[in-house]
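Peer 1: Next up is a structure, given as structure tokens.
Every number here is computed from the coordinates shown, using simple stated rules; none is lab data. Computed from a predicted structure; not experimentally measured. Note that we place each Cβ from the backbone using ideal geometry, even for glycine, and neighbour counts take in every protein chain shown.
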Amino acid sequence: MPPSPDETNLSEPLSSFLNQASMSRQPHIVLVIPRGEAVRNFLYSDTLKVLQGQARITVLSVVDTEELRSLVAPYVHEFIPLREYPVHWLPVYLRNLVENAHERWVWSKVAQNNWELRDRRARQQGKQWQRWAVKTTSRLLANNPCLHALSSAERHLQWRLRTTREFDELLNRLKPDLVFNGSHIHGPAGELPLRIAKKLGIKTAGFIFSWDNLTSRSRIMVPYDYWFVWHAPMKRQLLEQYPRLRPQDVFVTGTPQLDFHLKPEFIQPRDELCRRVGIDPARPFILYTTGLLKHFPDEFRHVDWVIHLVQNSNLKPKPQLVVRNYIKHISPELVARAKQKIDDVVFPPMLWDPEWATPLPEDLTLYCSLVHHAALGINAASTVTLEFYLKDKPVINLDFDPPGSHLPPCDGFKRHIRFDHFWPVAQSGGSFLAQSKDDMARMITEAIANPKVKSEARRAFMRDTFGETLDGRCGQRVAGTLLLLSEKPSGTARAASAFPLGNNSSLPVEALHSVH
């Protein structure tokens, strides 16, 4: 069982605040967990452990398993399953209109690519006139006053035409001080309780789930009171897109998903890891992480080429390849490769709950250990690149289409490198950008032979982008800020500077592993 927060090595200001909070009325915080990855970020991390004993915690979660209930039972007062309800067609129609207009207003590289894909689909379906109407309307509405007015109208319709009163009754019974959404995107079940909380006058907060969401996803429709983001550039981006937000209501906490990589208890010894996945601990290994099939078509061809390079490598000792398939929507070719016995290649199982797309606790140790001990990472253009930057490991990104594929530009791999969120990474000089099969061969050899190549650029990018949040304490900062915000409205000004960074304390995680 993890120790209570006052038994851990927290920073002095945070410990002082928590001690004061424990002597006063405990605030009531509802944690909304609308998707599996939010379980990792806020139920597996330090967030729940810091909140425990300092606040009354209710968890409202779409993931509802006996294992998860047992895991969080020592820390929460009530665990409530979260279900998604249908939405009336009228606000759905208006939301679609707003989201198209928002994309045209932001006009990010992802938005432009989305329009190309929709244009193609319209041609294939013979719906060019309907598509023309949507594009024309979107251009007319693509300005901040229109977007604000339409978003307000959509919220009003969502309230008036809501199809259930369950959350009205639930929140009136719970009477929380704050409701926090652990993922503002890809978790539609989490939106309605946050909308209802806002209407009932309960303070609300939302976590911008990923670093790409502000340019790769459309308008945020839930009107949160407070916002949590990964880093300062995201905060600036959020304030630019939503100019009515107040800077003091947006908090740079970092993301708990990076905390695990900085905690020794999530890193297995190399020999133990290699025995677990079935590779030789005396030889270096490359970690290739695949992506979502619809975004990275024909990626199995890239994997096949890397397999060929590894098997024919002249490096001494000869490298091995570990391929970690994406958990959702994997191509049948990659599924087939994973079942084959291929020399010098392993496909370790994904330790996720497939029903909820939720990483199991033991997967955190497996994945963090793979990144920690890998000689090199390869991925198209994903968050894994940041994790390799964090560990100061060489990484190759794929700036060319899979060998033998014939992808149109709107489906190609090069577009991902140039998306707004990833382009600064590509320009940082910290990763290798492979633009051909020959590039891939040369870069694998260089990276394994010289692991510190591009190290200075990697460290500079992470320092300049994330500031001092890379200390393994993001989960603690989220918890501390939630406590401050739940105490009183004026807590906002204090929350931003309440927790000095740099103390890389960690909370034990034995409880995560004890339930499996």
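Peer 1: Can you give the translational diffusion coefficient of the chain in µm²/s, computed by Stokes-Einstein from the Kirkwood radius over Cα pairs at 4 °C and 1.567 mPa s?
Peer 2: Values: Rh = 24.3 Å.
The diffusion coefficient I find is 53 µm²/s.
Peer 1: While we're on this one: Does region 266-466 come out rounded, prolate or oblate by the C-alpha gyration tensor, with a ≥ b ≥ c the root eigenvalues, rounded set by a/c under 1.5 and, if not, prolate when a/b is larger than b/c and oblate if not? Please report the intermediate quantities before stating the final value.
Peer 2: Numbers: a/c = 1.19, a/b = 1.07, b/c = 1.11.
Verdict is rounded for region 266-466.
Peer 1: What is the local net charge at Arg121, summed over the other residues whose Cβ is closer than 9 Å to its Cβ (Lys, Arg +1; Asp, Glu -1)? Display every interim value, and only then the final one.
Peer 2: Working: positive: Arg118, Arg120, Arg123, Lys127, Arg131; negative: Asp119.
Result for the neighbourhood of Arg121: +4.
Peer 1: Under the rule of at least 5 residues apart or a separate chain, name every residue whose amide H is placed under 5 Å from the amide H of Arg324.
Peer 2: Under 5 Å from the amide H of Arg324: Tyr288, Thr289, Thr290.
Peer 1: If we count other beta carbons within 10 Å of each Cβ, what is the order of Ser405, Ser45, Ser331, fewest first? Mind dumping the intermediate values first?
Peer 2: Working: Ser405 16, Ser45 26, Ser331 21.
Ranking Ser405, Ser45, Ser331 by Cβ neighbours within 10 Å, fewest first, gives Ser405, Ser331, Ser45.
Peer 1: For Gln311 paired with Ala336, estimate the spin-label separation in nm (one decimal), with each label point 7 Å from Cα along the Cα-to-Cβ line.
Peer 2: Output for this residue pair reads 1.5 nm.
Peer 1: May I pose another question? Just tell me, in residue order, which DSSP H segments of the chain are both 15 angstrom or longer along the helix axis (alpha-carbon based) and at least -0.5 in mean Kyte-Doolittle hydropathy.
Peer 2: Counting only whole DSSP H runs, the qualifying helices are 12-23, 89-106, 299-311, 361-373, 437-449, 474-487.
Peer 1: Could you work out the pair-distance distribution P(r) of region 138-250 from its alpha-carbon pairs, with 5 angstrom bin width and percents rounded to whole numbers?
Peer 2: 2, 11, 21, 23, 21, 14, 7, 2, 0
Peer 1: Taking only DSSP H segments of four or more residues, each worth -39500 (n - 2.57), what value at 222 nm results for the chain once the sum is divided by all its residues, to the nearest 500 deg cm²/dmol? Don't skip to the end; give the middle numbers.
Peer 2: Working: 25 runs with 239 residues, N = 516.
My calculation for the chain gives -13500 deg cm²/dmol from helical runs alone.
Peer 1: Now a separate question. Mean separation of Cα pairs under 8 Å and 6+ residues apart, divided by the residue count of the chain: what relative contact order is that in percent? Don't skip to the end; give the middle numbers.
Peer 2: Numbers: 865 pairs, mean separation 99.6, N = 516.
It rounds to 19 percent for the chain.
Peer 1: How large is the charge dipole for the chain, taken about the Cα centre, if only the Cβ atoms of Lys, Arg (+1) and Asp, Glu (-1) carry charge, to the nearest 20 debye?
Peer 2: On the way: 64 positive and 54 negative charges, 336 e Å.
Using Cβ point charges on Lys, Arg, Asp and Glu, the chain gives about 1620 debye.
Peer 1: Considering only the chain, what is the antiparallel percent among its DSSP beta bridges, to the nearest 5? Spell out each step's value before the answer.
Peer 2: Numbers: 2 of 43 bridges.
That works out to approximately 5 percent antiparallel.
Peer 1: Please list, or write none, the lysines whose alpha carbon is within less than 17 Å of the alpha carbon of Lys452, excluding same-chain residues fewer than 8 places away.
Peer 2: Correct list for Lys452: Lys391, Lys393.
Peer 1: Could you compute the net charge surrounding Trp352? Neighbours are other residues with a C-beta less than 14 Å from the C-beta of Trp352; K and R count +1, D and E count -1.
Peer 2: Numbers: positive: Arg35, Arg40, Arg324, Lys328; negative: Glu37, Glu67, Asp353, Glu355, Glu362, Asp363.
With Lys, Arg at +1 and Asp, Glu at -1, the net is -2.
Peer 1: Among Tyr326, Tyr288, which comes first, second and so on when ranked by fewest other beta-carbon atoms within 10 Å?
Peer 2: Neighbour counts put them in this order, fewest first: Tyr326, Tyr288.
Peer 1: State the Cα centre-to-centre distance between region 365-414 and region 201-242 in whole Å.
Peer 2: Distance between centres, Cα-based: 26 Å.
Peer 1: Can you put Cys368, Cys146 in order of Cβ neighbours within 10 angstrom, beginning with the fewest? Let's see the in-between values first.
Peer 2: On the way: Cys368 23, Cys146 15.
Fewest to most other Cβ atoms nearby, the residues stand as Cys146, Cys368.
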